[in-house]
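Before any comments, here is the structure.
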Amino acid sequence: MSDGSTLGAPSGERGPQPPSATPREVAEALPSARFGKFVRTEKLGAGGMGEVWKAWDSDLARWVALKFLKGGDDEEIALAGTDRSATW
């Protein structure tokens, strides 16, 4: 198509856009906020089971939630749960 539209997209709309640039809060995060491919930016909540953090997934270029459970290996527990839910 000569108008630059994507097949299957409604008239006047384009298809999926490329991921946005890294958010400012991620770029300014301290090294201690890094957790593997994730950058923790904000604690969303805490309870009897652990804590939930807003984090940037640098591989997928999108926001995710990381849950850190109490009483275990934080890295193993958080990555196991997040990798599974990030593929939905």
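The values are calculated or read from the model by the stated rules, or taken from the named source; none is laboratory data. If you're wondering where the values come from, they're calculated on a predicted model, not measured in any experiment. Backbone-built Cβ (ideal geometry, glycine too); neighbour counts: all protein chains shown.
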- Message: Scan the stretch 1-15 and tell me whether some residue there is in a helix (DSSP H, G or I), exposed (fewer than 15 other Cβ atoms within 10 Å of the Cβ), modelled with pLDDT under 95 and basic (Lys, Arg).
- Response: no
- Here are Lys43, Lys67: which of them is loosely packed, with under 15 Cβ neighbours inside 10 Å and either assigned to a strand (DSSP E or B) or at pLDDT 95 or above (or both)? Lys43
